[in-house]
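Working notes for the structure below.
Readers should treat all values here as calculations from the given coordinates under stated rules, not as data from a laboratory. Remember, it's a predicted structure, so these values are computed and weren't measured experimentally. Please note: Cβ atoms are built from the backbone with ideal geometry, for glycine as well, and neighbour counts cover all protein chains shown.
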Amino acid sequence: MAYAEILKAVFPFLEGNDLASCMQVCKLWRDIASDDYFWKCICTKRWPSIGKKPSDSSMTYHKFFLTFSKRHKRRTLLPPQLSFDDLDFYIDIWAGESLIFSEAIPGPILQGGIKIHPSGTSDILRCHLEGPDYKMTVLVEPKFTLCSNENVSVSVLVGRKDTNKIACIVHRSFFSYMDRTAYRALAYDYLDFSPVHPFVAGIRAWISLLFLDGVSDGVKPGSDGLINVFGIAMDFCDVANSEEEVLWLLDMLDWK
């Protein structure tokens, strides 16, 4: 059997990546492996119904395989049109019906985050705050104390100075999950996006109350169910894990 005939007998049994490698060996191998019949065999093994596609000279089976066999790398985001300098965050927290925290926080403050953790910050919480997930944090001044069995809720609005519009990040949502081992209480709400983004949905904003460990201001966590809150964290880690991604996400909100 001639050398070329042997290659023609072997190539149909190869996987696509292997056949592509064969095309790099020499001109003879490349010419034989370029036969679109081999690539049709490979494509119809992976996507059986594609063999029913009408012939199209602009899309050979070889080109089809190269185009769809690999996941494309994540594209680099263009610089966001929004910046933290344009934003103010309005955060209100209630225990029952009593307002216990109400502040307008400039965007650069949340962007900068908590630089120095206060005395009494647990190693577990410190590790979380310094982890790779992007989060915005701010110290609560003055600190406040909560009972662990209180119904605590939060509302977060964001305003932008460039358009004088406001969007809602968190409607009044309850801190329904309290993790004493992680020194956090968590609340979340689903973001409302502009109608110009009709296919963007199901993305949550997470708000965390950050607790101190040990005795602080004379109150010890766990005694009589009391907890000391020293900070607030906000993230969108369902989808946004960088400052640029967060700004793109905020820019898509339903601004009014």
Could you work out how far helix 36-46 tilts from the main Cα principal axis of the chain, as a 0 to 90 degree angle to the nearest 10? 40
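Compute the whole-percent fraction of alpha carbon pairs in the range 3-68 spaced more than 17 Å apart. Can you show the working numbers first?
Numbers: 774 of 2145 pairs.
Summing the P(r) of the range 3-68 above 17 Å gives 36 percent of all pairs.
Rg to Rh for the range 84-251: what is it, with Cα atoms only and Rh by Kirkwood?
Values: Rg = 15.9 Å, Rh = 16.5 Å.
My calculation puts Rg/Rh at 0.96.
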Using the 10 angstrom Cβ neighbour count as an exposure proxy, how do TYR188, TYR37, TYR61, TYR183 rank, fewest first? TYR37, TYR188, TYR61, TYR183
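Highest first, please rank the peptides 27-33, 193-199 by the mean number of other Cβ atoms sitting within 10 Å of their residues.
Going from most to least packed, we get 27-33, 193-199.
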With n ≥ 4 as the cut-off for DSSP H runs, can you work out [θ] at 222 nm for the chain, using -39500 (n - 2.57) per run divided by the number of residues, rounded to the nearest 500? -6500 deg cm²/dmol
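Across the range 84-251, how many lysine pairs, 8 or more positions apart or on different chains, have C-alpha atoms separated by under 23 Å? Please give the number. Let's see the in-between values first.
On the way: LYS115/LYS135; LYS115/LYS143; LYS135/LYS143; LYS135/LYS161; LYS143/LYS220.
Counting lysine pairs in the range 84-251 gives 5.
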